[in-house]
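For reference, the structure is listed below as structure tokens.
FYI, it's all coordinate maths here, none of it is from the lab. Fair warning: this is a prediction, and the values are worked out from it, not measured in the lab. Cβ: placed from backbone, ideal geometry, glycine included. Neighbour counts: every protein chain shown.
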Amino acid sequence: MNCEPETFNRSALEVARELIGAELTLNGIGGIVVETEAYDLEDPASHSFRGETPRNRSMFGHSGHAYVYRSYGIHWCLNVVCRPGSAVLIRALEPVWGLAQMQERRGQVEARLLCSGPGRLCQALGIGREHDGLSLFQPPFRLAMPSTISEIAIGPRIGISKAVDMPWRFGLVGSAHLSRRFPSTSTPADAPS
DNA sequence: TAAAAGATTTCCT
DNA sequence: GGAAATCTTTTAT
């Protein structure tokens with residue numbers, strides 16, 4: 001079944017939240033999306049903020065397609081394109097399919113560290129420049145939206161230097177595969193200072 | 001043509 | 001907790 005990619009032609013904030021719990025695979029290898037971040041056209045932290053460039057052209061392309069970029073000259077990061085100039089960064093997966101292949105690529109066995117980070121999950125799934133611009137709803141990719149509602153954690157995004165306070169990071173509550181813990185929101189009595 | 005920044009991960013102290 | 005590794009893209013001169 002194909003979820004219509006038109007579903008993604010909306011604000012990255014909405015899509016980022018709805019992607020928690022979705023199934024994502026590349027050549028049959030992948031798992032459940034447990035952590036995302038939204039990047040908007042009018043967002044100083046977004047690659048698209050200063051307009052279209054050769055690198056970010058995919059962010060202005062078809063919704064439901066991939067925007068893959070090189071991070072710190074070392075890693076690859078995968079985004080799902082929403083409406084033009086906005087995208088959702090996939091930050092972590094719960095590994096489900098192709099565990100052995102992931103372990104081989106990552107060179108380690110701890111399941112918790114296979115896909116818990118944007119660079120890690122791209123290495124585990126074998127994502128690279130050749131996947132930039134491809135549809136996530138057609139082979140070798142597969143993306144299926146969640147069938148049940150999950151409890152969502154919300155917090156500020158990670159690793160950015162602009163708009164650092166915007167709560168545009170979403171995660172699956174209780175997941176052991178998050179790249180980092182979310183700040184505790186409703187525990188006023190635990191302030192150590 | 002040169003310089004700086006960057007949506008990270010890993011290893012060391 | 002802190003810093004190195006590593007290189008592409010973008011911006012400034």
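Considering every alpha-carbon pair of chain A, the percent of pairs per 10 Å bin, from zero through the bin containing the longest distance, is 10, 38, 38, 12, 2, 0.
Looking at chain A, which longest stretch skips every one of the GluC sites (Glu not before Pro) that is in a DSSP loop with at most 16 other Cβ atoms within 10 Å, leaving the sites themselves out?
Working: sites that count: A:Glu42, A:Glu52, A:Glu110, A:Glu151.
Here the longest segment lacking exposed loop sites spans A:53-109.
Expressed as a whole number of Å, what is the distance separating the alpha-carbon centroids of segment A:27-66 and segment A:74-112? Result: 14 Å between the Cα centres. Computed from the C-beta positions of A:Lys162 and A:Asn9 and an R0 of 25 Å, the FRET efficiency is 0.45 to the nearest 0.05.
Just so you know, the Cα atoms of segment A:96-181 work out to an Rg and Dmax of 14.8, 38 Å.
May I ask you to order A:135-144, A:75-84 by the average number of other C-beta atoms within 10 Å around their residues, highest value first?
Details: A:135-144: 16.9, A:75-84: 21.9.
Order by mean packing, descending: A:75-84, A:135-144.
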